[in-house]
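Okay, so here's the structure we're looking at.
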Amino acid sequence: MGNFATGVTVITTTDDQGQPHAMTANSFTSVCLEPPVILLCVAHGTHTYGFVERSGLFGVNILDRDQEDVGAYFAKRPEDRTGDVSVSYSEGHNGIPTLDNSMVFMGCQVVGSHVYGDHTVYMAEVKEIRENNSSVPLLFFRSRWYHPAPE
């Protein structure tokens with residue numbers, strides 16, 4: 001699967017104390033436009049899985065080409081996150097944390113799920129979209145980050 005280039009997203013939700021929680025994910029895709037539905041796969045061994053299961057809400061933050069440090073930070077388990085990474089959040093509809101400065105934010109509500117192996121595949125309707133001025137995404141290919149040149 002490393003031969004498939006993807007964009008990079010950070011999935012945001014809230015933990016059991018109502019605080020922002022995030023993880024990097026590239027198992028994300030569009031399903032349909034009417035209504036707007038996306039698909040996200042989350043491993044059962046992650047904190048994110050439990051939080052999404054309980055709330056049924058999450059955000060998809062598509063990272064800008066200058067956010068490699070953010071993508072790398074949230075790709076680690078929470079207990080392994082070290083370093084000086086500047087991250088700030090705003091609050092979207094339904095209290096979903098929005099990662100500030102992401103290229104695009106989509107606030108999503110789970111409408112269906114399917115357990116397969118050690119992951120759950122979530123189908124979620126997009127309830128909110130926010131776009132920033134950035135137009136160049138961060139990419140990931142063969143375990144490396146790529147930063148496309150601006151147009």
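What follows is calculated from the coordinates using simple rules that are stated; it is not laboratory data. If you're wondering where the values come from, they're calculated on a predicted model, not measured in any experiment. As a convention, Cβ positions derive from the backbone with ideal geometry for all residues, glycine included, and neighbour counts pool all protein chains shown.
Structural remarks
- Note that the chain carries a Kirkwood radius of 15.6 Å, evaluated over its alpha carbons pair by pair.
- Proximal charge balance of residue 38 [Cβ under 14 Å; K/R count +1, D/E count -1]: -2
- About its Cα centre, the range 73-117 has a charge dipole of approximately 160 debye under the convention of +1 per Lys or Arg Cβ and -1 per Asp or Glu Cβ, with nothing else charged.
- For the range 38-142, the dipole from Cβ point charges (+1 on Lys and Arg, -1 on Asp and Glu) about the Cα centre works out to 240 debye, to the nearest 20.
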